Every structure is written in C-alpha cells, then in structure tokens.
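The values are calculated or read from the model by the stated rules, or taken from the named source; none is laboratory data. Since we're looking at a predicted model, the values are computed, not measured. Positions of Cβ are generated from backbone atoms using ideal geometry, with glycine treated the same way; all protein chains shown enter the neighbour counts.
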Amino acid sequence: MTESPTPDAAAEPATPSLAAAGPLTPDNPLAAPSPLPFHLPDFAAIRTERFAPAIAAGLEQQRAEWAAVGTDPESPTAANTLEALERSGRLLSRALAAFYTLVNARGDDALFALEADVAPALSAHWDAFYLDAAIFARLEALHEAHTSGETPLDAATAWLLHTYRTEFVRRGARLDDAGQARLRDINARITTLETAFGQAVVAGMEAGAVVVEDAADLDGLAPDAVASLARNASERGREGYVVALKLPTPQPILESARNRDLRRRVFEASTLRGTGVDAASDTRQTVLDLARLRAERARLLGHPHHASYVAEDGTAHTTDAVNAMLARLAPPAVRNARAEAADLQDALDADHPGDTLEPWDWAFYAERVRAERFAFDDAVLRPYLDAERVLRDGVFYAASRLYGLTFTERPDLPGHSDGVRVFEVREHDGAGLGLFLLDLYARPGKRGGAWMNSLVHQSALLGEAPVVMNTLNVDRPPAGEPTLLTWDEVITLFHEFGHALHGLFSAVRYPSTSGTAVPRDFVEYPSQVNEMWATDPEVLASFARHHVTGEPLPADVAERLRSSQQYGEGFRTTEYLAAALLDQAWHQVGPDEVPTTADGVEAFEAAALERAGVAYRLVPPRYRSTYFNHTFGGGYDAGYYSYIWSEVLDADTVDWFRENGGLDRAAGQRFREALLSKGHSLDPMDAFRALRGRDPVIEPLLKRRGLTD
C-alpha cells in the first residue's frame with residue numbers, strides 16, 4: 001500500500017480560478033508526461049494549486065492545435081485532420097485525468113470550488129470545437145473524398161471519421177448562428193448544474209449519516225462491521241457509531257440490523273436525501289432545471305425529447321426500442337417481487353404478529369428467508385470473503401486463467417491516497433501491458449458507489465499503454481483486522497475489474513476510440529460478463545477460504561450460494577427497472593412538461609412510477625430522483641436502461657463461454673480479440689456478432705432473472 005502525502009491545509013495557497021491561474025511552470029508535475037512507468041500521474045508531487053495553471057494552459061494549447069487544423073491550407077487527409085485532432089489536447093487530458101480522480105475520490109472544498117470553475121470552461125471549450133465550421137468542413141471534405149474513392153481510408157480510420165462527423169452534427173454543427181448561441185448557453189448551464197448536483201449528492205450522504213449512540217442498537221451486525229461504524233464516528237469526530245450512507249437506496253446495514261427502529265431511521269435517511277430535509281443538499285430545483293434544459297436542447301437539435309437524443313447515439317437507436325424492453329420486463333418483475341413479499345410478511349409475523357411489512361424490513365427478512373431456504377446467509381459467507389484473497393485468488397486468478405495475465409504490486413509507485421494500490425500487469429510472455437490501480441475503501445469526500453476510470457488511454461498513435469483504476473466504497477476495518485466483504489461487494493469487485501480489462505486490453509490506434517469509449521448501452525456489457533467468474537466453481541474454490549483457518553468454503557455452502565443466486569430477483573429487477581423508467585420519464589418530456597416548482601419533483605416521480613406499473617411501495621427505486629447521480633450528475637442521463645440492455649448481451653455471452661469451455665484460455669483469448677481489444681474502433685454490435693456469430697437474443701436474460709412464464 002502507498003500513501004500520498006497531504007500538506008497541511010493552512011500551508012496551501014487559496015485555489016485560484018482558471019481566469020486567475022498563473023503560468024504553467026516547468027516544475028509543475030502536470031506540465032509534461034509523468035516520468036513514472038506507463039506515465040502514471042505522480043500523485044505524490046501533485047498539489048491542488050497545481051491544477052488550475054495546467055488546465056488553463058491545456059485549454060489554450062488545444063484551442064491552438066484545433067486552429068492549426070482548421071486553417072491548414074492543404075487538402076484534408078487522415079494525417080493532417082483526423083490524426084492531428086487525435087494528437088491534440090495531451091496536456092489537458094493529462095491534467096483532467098488526475099484532477100477528476102481526486103475530485104471523485106477525496107473531494108474537499110478546494111477541489112469542489114475548482115471543479116465548479118472547470119466544468120463550464122470545459123463545456124465552452126467543447127462547444128467551440130464541435131461548432132467550428134472550418135474543422136467540420138474539413139471532415140465533410142474528407143468524407144466526400146473517401147466515399148468517392150479519391151482518398152481511401154482503412155476501416156478503423158473510416159469509422160473514426162464517421163464518429164467525428166456524427167458527433168459534430170449531434171452537437172449542433174448544422175444549426176444557424178442563433179441556434180448555436182442558444183446551444184452554448186444551454187450546455188454551459190447544464191454542465192454547471194450537473195456539477196452542483198454531484199457535489200450536493202456527496203453532501204447529502206454526509207448530512208444523512210445516521211448516528212447510533214448505544215452499541216446495543218447494532219445487534220445483529222458482525223463485530224468487524226460494528227468496528228467499521230465506530231471508525232466512521234472517529235473520522236467525523238463523533239461519539240458512538242456512524243452509519244455512513246452509500247449512494248443507492250438500499251443500505252448494507254438493513255440486511256443484518258435486528259433493531260427495527262434503526263432500520264427505519266437508516267432507510268428514511270437514505271430515501272429523503274436531496275428532498276429538502278437538509279437545505280444545503282436539496283437537489284430538487286436542480287433536477288427540474290436539468291430536465292427542462294436537456295429537453296430544450298433536444299428540441300433544438302431535432303429530437304422530440306432528450307431520451308430520443310441519447311438513444312440515437314447508442315446501440316438501442318430509438319426510445320421505442322428502450323421502452324419496449326423495459327415494458328416487457330416490468331410486469332413479471334413486479335409479479336415476482338409481490339410473491340417474495342408474501343414470504344417476507346410471513347417471516348415478519350413470527351417476530352411482530354399483526355404488523356405490516358415495511359420497505360426497511362425487506363432486506364432483513366429477505367436474508368432470513370434466504371438463510372432458511374438455502375441454509376446459509378451473508379453472515380456465513382463473510383468469514384470466507386477476505387478482500388485480499390478475493391482480489392488475488394479470485395479476480396486476478398480468473399484473469400490469469402482466461403488471459404494469461406500476471407499482477408505484481410508496485411508499492412514504490414504512488415497512489416493518490418492512503419490505501420490506493422498499484423499493480424503492474426504483464427502478458428503471459430512477460431511483456432508489460434499496463435497498470436491497474438485499486439482504491440477500495442470509503443473515505444469522507446468520496447463519491448458513493450463504484451467505478452472505473454482511465455488515467456492513461458491506450459493508443460498506438462501516441463505510443464501509450466493503459467493505466468486504469470477501480471474505485472469502490474468498502475468500509476475500512478480497524479488497523480490489523482482483515483477486510484471481510486459482503487457477497488454484493490465481491491460481485492462489484494469482479495464487475496469493476498471487467499471494466500478495467502476493457503481498458504487494459506484496448507488495442508486501437510486512436511485514443512478517442514480506446515477501451516471503454518463505447519456507447520453507454522454497450523459499456524456495461526464486458527463488465528457484467530466478468531461477474532460470472534465469481535461463482536465459477538474453480539474460481540470460487542480459489543478465493544473463498546476462511547480468513548483465520550484457511551479452510552475452503554464447504555462444498556455444500558458453495559452449491560447453495562450458486563443455487564440461491566436467483567432468489568430475490570423480483571426485488572432486484574423491480575428496484576432497477578423503477579430507476580431506469582424514472583430516468584426515462586424525466587427525459588421523455590418536453591420543456592413545458594417539467595414541473596415548475598421544487599415540490600413537484602416527488603409528484604412527478606410518483607406519477608411516472610404508477611404509469612410504468614412499478615409503483616410498488618415496498619420496493620422503491622434503486623435511486624430516487626433527488627440522489628440519482630447517474631442521471632442528474634451526468635454520464636447516464638436517459639441512459640440508465642443501459643445496464644439491462646447490456647445484460648442481454650452479457651447473458652448471451654455467458655452462455656457462449658459455457659459452450660466454449662468456461663474458464664478456458666482459448667475462450668478468453670477469443671473474447672479478448674473479438675471484443676475487449678476493439679474499443680470503439682468499429683460498430684460495437686459488429687464486435688458482438690463477430691464473437692457470437694449472430695445478433696443477441698433475450699431468452700438467456702429472462703431465464704437468469706426468473707422472468708419467463
């Protein structure tokens with residue numbers, strides 16, 4: 001493990017705005033590519049005040065590079081137009097990769113203040129690019145020369161040209177001057193609001209943290225879980241115990257806490273975030289403003305609503321296709337959830353005769369029913385799920401068996417914070433592939449959830465190898481104690497590593513098509529496939545060992561784990577679909593259909609869920625509107641359907657692996673070559689067809705989630 005030194009806050013100068021940023025000096029660690037292996041950012045040398053000069057200079061430098069392309073007197077070619085654009089912005093990319101890593105992983109007032117300044121500047125920067133008539137004219141001329149046969153392009157370069165031209169049109173290149181001016185205003189406002197929403201969600205998680213004074217109220221929690229809550233309190237200068245909220249509606253403590261009132265308190269704290277209970281983190285007006293502005297922008301660009309604009313750029317292509325998928329899944333999912341609820345009500349009656357099952361009871365009694373039905377629960381599993389063993393003998397082991405990779409920890413290389421680990425990844429023949437970083441633990445100021453990001457994008461054009469990071473939010477145990485994971489956290493680790501493999505295996509020429517730079521409704525597909533190895537008999541036997549004795553997970557327990565995987569799918573599918581349908585509802589309206597006052601947010605949400613047939617009181621959406629960071633913090637707006645859309649491809653591919661030997665080196669190599677290595681260098685569905693030999697079918701997904709008749 002490595003620790004990046006953090007100077008005393010009083011010793012740092014005030015964070016400058018971009019406008020007031022000083023010159024970029026040679027001693028700034030962001031001024032040149034990092035001298036560390038694979039150009040890993042030198043986090044030990046980077047200070048917050050270093051970002052503004054680097055970002056400001058990066059913006060200026062890339063604008064000059066774009067101007068050189070637009071004014072080039074030579075006829076456009078792949079080299080002087082496409083490759084020149086792909087080479088531009090290296091300083092800016094380098095600075096932003098490190099900056100946003102820190103903002104998301106350990107945000108503080110100084111970083112958040114600079115983020116609020118950077119966001120609109122970036123919006124204006126990219127508007128200037130996509131609305132540059134001279135560059136667009138060169139792309140159009142190159143397209144005409146290619147289609148006429150005058151300037152033939154190879155397949156990857158032709159696809160790059162296609163994606164550039166498509167994005168220019170989607171970003172307003174064909175609007176008149178008045179339309180472009182309004183578009184710039186809208187984009188700047190949207191970016192500012194998305195930043196504000198994301199920061200408010202982080203503040204809301206902190207404000208909503210539940211303080212527990214009496215340890216007796218924590219009855220049912222494992223000793224290491226209680227110790228983690230005590231550590232949370234200590235980090236915040238509080239007495240007792242603190243239940244820090246995770247990003248989604250469900251909170252892990254609800255599965256094990258026997259105290260029903262504590263469960264209620266935690267559930268209510270989770271679901272009331274952003275609704276005005278804490279004024280500083282009230283996001284309702286931001287939700288309305290974003291929905292309205294996105295709708296207006298879509299109309300300006302020729303779409304009936306924002307969801308149409310988003311779907312066009314994905315593999316779904318139309319909202320009709322998205323709506324049909326979600327509508328097909330919702331009724332059987334809710335049916336299954338209601339059947340599960342009947343079992344849970346029976347279990348509740350044993351403890352509280354005559355009481356009615358409440359949403360905060362669901363996870364607790366679901367665990368009890370699962371334990372009775374399958375003779376085990378998470379409490380039985382956790383002693384066998386030591387995070388270090390899961391990582392090395394599970395996640396890394398599967399990657400070694402499938403792809404021949406080796407992972408060597410590099411404690412000499414700096415992570416951005418205490419506990420961030422760096423691993424050098426090598427091919428089966430010893431050749432260096434890239435770096436993998438893992439930031440496992442929750443900390444104050446960290447964005448909730450789990451994600452993958454690229455610090456350096458693979459590119460043959462630039463001669464760069466990939467540096468990728470996985471970030472999770474596991475509670476840190478007391479010093480000297482092992483980190484014991486829940487089964488959900490095990491799945492999350494495998495999932496995020498699937499994204500990491502997508503980045504590590506990228507083998508493309510152009511940086512903008514590298515790794516995970518694929519449509520939103522395709523990007524989750526490889527990561528979801530990687531989840532399958534968590535329950536593979538060989539992999540599970542490798543990592544599931546008792547953290548004290550080293551004894552393997554008993555074979556009967558392992559079998560019960562696998563057989564229990566479909567239990568609870570009614571709940572999981574319903575809560576997911578409720579969020580996906582809510583996302584679509586906010587983005588399938590025109591600007592005049594958005595509520596006008598903050599108190600209209602909850603009414604809109606309730607009506608949308610009712611119309612979609614998923615308004616089931618006991619199963620709230622996985623994210624309510626007011627803390628739905630995927631959609632209002634940016635990135636998955638009108639695209640949260642992507643997870644289930646990608647799961648169609650995932651479930652079909654899991655069948656392919658089983659048909660081709662499972663944890664098999666040849667199958668892994670085929671998956672890598674046909675799909676993981678391609679990035680966005682071609683139509684992603686062509687990559688799927690190259691692997692599967694046909695279009696995807698939905699039946700494997702329906703079977704997996706118990707949605708067949």
### Message
Consider the range 32-86. How many of its residues are assigned to a helix (DSSP H, G or I) and polar (S, T, N, Q)?
### Response
5
### Task
Just need a number here: residues in the range 456-502 that are in contact with a strand residue (DSSP E or B) (Cβ under 8 Å, 6 or more places away or on another chain) and either in the same structural domain as Leu102 (by TED's automatic domain parsing) or assigned to a strand (DSSP E or B) (or both).
11
### Task
Could you tell me which residue of the range 338-353 is nearest to Gly706 (Cα to Cα), considering only residues that are under 35 Å from the mean Cα position of the chain (by Cα) and among the acidic types (Asp, Glu)?
Glu340
## Note on the structure
Going through (1) within 34 Å of the chain's Cα centre (by Cα); (2) surrounded by fewer than 19 Cβ atoms within 10 Å (Cβ to Cβ); (3) in a helix (DSSP H, G or I) one by one, Ala105 fails only at (2)
### Query
Would the range 605-616 turn up any residue that is touching a helix residue (DSSP H, G or I) at 6+ places or on another chain (Cβ under 9 Å), surrounded by 22 or more Cβ atoms within 10 Å (Cβ to Cβ) and either modelled with pLDDT under 95 or not in a helix (DSSP H, G or I) (or both)?
yes
### Query
Which numbered condition trips up Glu531, out of (1) in contact with a helix residue (DSSP H, G or I) (Cβ under 6 Å, 6 or more places away or on another chain); (2) surrounded by 21 or more Cβ atoms within 10 Å (Cβ to Cβ); (3) acidic (Asp, Glu)?
(2)
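Yes/no matrix, rows are residues, columns are (1) assigned to a strand (DSSP E or B); (2) assigned by TED's automatic domain parsing to the domain that holds Glu531; (3) over 22 Å from Pro250 (Cα atoms):
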{"site": "Ala342", "(1), (2), (3)": "no, no, no"}
{"site": "Leu357", "(1), (2), (3)": "no, no, no"}
{"site": "Ala366", "(1), (2), (3)": "no, no, no"}
{"site": "Ala398", "(1), (2), (3)": "no, yes, yes"}
{"site": "Ser417", "(1), (2), (3)": "no, yes, yes"}
{"site": "Val425", "(1), (2), (3)": "yes, yes, yes"}
{"site": "Phe436", "(1), (2), (3)": "yes, yes, yes"}
{"site": "Leu440", "(1), (2), (3)": "yes, yes, no"}
{"site": "Lys446", "(1), (2), (3)": "no, yes, no"}
### Query
From the residues in the range 208-233 that are touching a Lys or Arg at 6+ places or on another chain (Cβ under 8 Å) and small (Gly, Ala, Ser), which one is surrounded by the most Cβ atoms within 10 Å (Cβ to Cβ)?
Ser228
### Query
Just wondering, is there one or more residues in the range 372-382 that are more than 21 Å from Ile491 (Cα to Cα) and either touching a Gly at 6+ places or on another chain (Cβ under 8 Å) or not in a loop (DSSP other than H, G, I, E, B) (or both)?
yes
#### Entry: Residues that are in a helix (DSSP H, G or I), farther than 28 Å from Leu577 by Cα and of a type in the set (Lys, Arg), drawn from the range 659-691
Arg665, Arg670, Arg672
### Task
Among the residues of the range 374-412, write down those that are surrounded by fewer than 18 Cβ atoms within 10 Å (Cβ to Cβ), farther than 30 Å from Tyr100 by Cα and in contact with a strand residue (DSSP E or B) (Cβ under 7 Å, 6 or more places away or on another chain).
Ser400
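One line per residue, one yes/no per condition, for (1) part of a helix (DSSP H, G or I); (2) more than 25 Å from Leu300 (Cβ to Cβ); (3) modelled with pLDDT under 95; (4) not assigned by TED's automatic domain parsing to the domain that holds Tyr100:
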| position | (1), (2), (3), (4) |
| --- | --- |
| His125 | yes, no, no, no |
| Leu139 | yes, no, no, no |
| Leu142 | yes, yes, no, no |
| Thr147 | yes, yes, no, no |
| Leu153 | no, yes, no, no |
| Thr157 | yes, yes, no, no |
| His162 | yes, no, no, no |
| Thr166 | yes, no, no, no |
### Task
Sort out which residues of the range 168-180 are outside any helix (DSSP H, G or I) and surrounded by fewer than 16 Cβ atoms within 10 Å (Cβ to Cβ), and write them in order of number.
Arg174, Asp176
### Task
Mind listing whichever residues of the range 413-431 are touching a residue at least 40 places away in the same chain (Cβ under 8 Å) and touching a strand residue (DSSP E or B) at 6+ places or on another chain (Cβ under 6 Å)?
Leu413, Pro414, Gly415, Gly419, Val420, Arg421, Val422, Glu424, Val425
### Summary
Counted residues in the range 73-92 being without any contact (Cβ under 8 Å) to a residue 40 or more places away in the chain and either hydroxyl-bearing (Ser, Thr, Tyr) or under 22 Å from Leu59 (Cα atoms) (or both) come to 5
### Query
Can you spot a residue in the range 563-583 that is acidic (Asp, Glu), more than 21 Å from the chain's Cα centre (by Cα) and loosely packed, with under 14 Cβ neighbours inside 10 Å?
no
#### Entry: Pick from the range 441-490, criterion closer than 24 Å to Arg545 by Cα and among the acidic types (Asp, Glu), ranking: modelled with the highest pLDDT
Glu489
### Query
Does any residue of the range 587-598 turn out to be part of a helix (DSSP H, G or I) and buried (at least 19 other Cβ atoms within 10 Å of the Cβ)?
yes
